[in-house]
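What follows is a set of notes on a single structure, which appears directly below.
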Amino acid sequence: MKQIFNNIQVLFAVLLSTNIQAQDVLFSAPDNTQLAINPAQAGSYNKLQANVGYRNQWQRLGNPFNTMMASIDVTLEGTRKSYLAIGLEFYSDNSSSKIATTMVRSSWAYHLQLNSYNRLSVGMNFGVIGLNSNLENERWGNQYDGTQYNSNLFSGESYMTSNITKMDVGGGIVFSSKNSIHLSTPTFQCGIAGYHLNRPNLSMYSISNSKLPIRISSFINFSVPFNEGRNEIKPAAYFQIQGKFLSYLAGSMLTFNGHKHKAYNMYNAKNGTSSFSMGLFYRSTGAVVTRVSIQKSAWDFGFTFDMNIRNKTNVMITKGASEISLKYSIGK
């Protein structure tokens with residue numbers, strides 16, 4: 001009986017994975033995946049910024065979901081009041097059910113300096129989404145004869161293809177502001193973006209039309225320095241709407257800087273700056289998210305852990321999800 005129950009769990013994960021294409025990957029440290037939040041954020045903070053990250057979740061189901069990401073964005077030459085920036089991002093989401101989703105996108109952003117304190121940024125992204133499946137050796141409900149699994153029985157599953165690649169388009173706008181001309185990074189930002197505006201069809205079935213829903217992404221964040229800028233409170237909120245799926249992540253980071261605010265340039269390696277940050281967030285799906293970040297000069301290492309506090313079922317509630325990230329940045 002226990003083995004049958006375990007098989008049902010795995011089968012349920014497989015079935016759910018076939019629909020995971022309807023929702024994008026969500027990270028618990030969105031500021032490390034800023035191009036996935038809004039393409040207009042390319043070049044928003046630094047002259048160069050590179051990120052790599054890894055996330056695993058659903059450990060109770062044999063850790064079936066593992067997500068890797070990498071991104072880089074750089075600013076190009078421009079005038080004092082405006083400049084252009086480009087970015088490139090890569091995401092790979094793999095499940096133990098032999099289903100993998102890959103995204104590669106390029107971002108282009110134009111930043112217009114409205115005055116000494118405010119800036120308006122617009123951006124677009126273009127790329128491809130790939131879906132790869134290998135379900136030939138999976139077990140399906142139709143292959144249980146009432147007492148046990150029988151591989152000779154027809155699964156009832158018929159796929160049009162095991163590899164799908166589609167074009168993907170998105171765009172966004174961001175408003176940034178800072179309360180001092182001495183600062184190199186904004187103290188306030190808000191923005192809204194739309195992803196998958198062309199609604200790519202990612203169905204694996206020949207008789208199905210499964211267009212990826214448009215994802216609306218919005219965010220708002222602040223930076224409030226105190227103690228002569230040696231400390232900062234950084235509240236932030238991120239909202240995602242995709243089809244019937246609605247999610248938000250809200251909370252705050254507390255940063256301890258080794259310098260005063262006027263000299264503040266977190267990612268400038270020449271300053272030899274350092275900081276330690278910790279934070280607490282809440283996700284609308286019922287998870288408490290804890291974050292820790294250690295920054296030294298141009299390098300920033302972060303660790304995030306999600307703890308689900310809604311223990312409604314033994315199958316879907318996980319023991320948690322962990323996320324690590326490494327960022328390299330050079331200030332403007």
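For this structure, a couple of remarks:
- Pairs linking a residue in segment 321-332 that is on the phi < 0 side of the Ramachandran plot to a residue that is acidic (Asp, Glu) and part of a strand (DSSP E or B), with Cβ atoms under 9 Å and 6 or more positions apart or on different chains, are ALA321/ASP306; SER322/ASP306; GLU323/ASP306; SER325/ASP300; LEU326/ASP300; LYS327/ASP300; TYR328/ASP300; SER329/ASP300.
- Segment 84-107, residues that are at pLDDT 90 or above, surrounded by fewer than 20 Cβ atoms within 10 Å (Cβ to Cβ) and over 16 Å from VAL128 (Cβ atoms): LEU84, ILE86
- The requirement of being within 30 Å of PHE305 (Cα to Cα), in contact with a helix residue (DSSP H, G or I) (Cβ under 8 Å, 6 or more places away or on another chain) and at pLDDT below 90 is not satisfied by LEU135.
- Of LEU48, LEU15, LEU76, all but one fail to be surrounded by fewer than 16 Cβ atoms within 10 Å (Cβ to Cβ) and at pLDDT 85 or above; the exception is LEU76.
- Within segment 266-325, tally of residues that are outside any strand (DSSP E or B) and at pLDDT 95 or above: 0
- If you go through segment 59-68 and keep only what is modelled with pLDDT under 85 and closer than 13 Å to ASP93 by Cα, you end up with ASN63, PRO64, PHE65, ASN66.
- Residue match in segment 115-128 (condition: modelled with pLDDT of 75 or more and under 16 Å from LEU202 (Cα atoms)): yes
The values are calculated or read from the model by the stated rules, or taken from the named source; none is laboratory data. This structure is a prediction, so every number in the text was calculated from the model and none was measured. Note: ideal-geometry Cβ built from the backbone for every residue, glycine included; neighbour counts use all protein chains shown.
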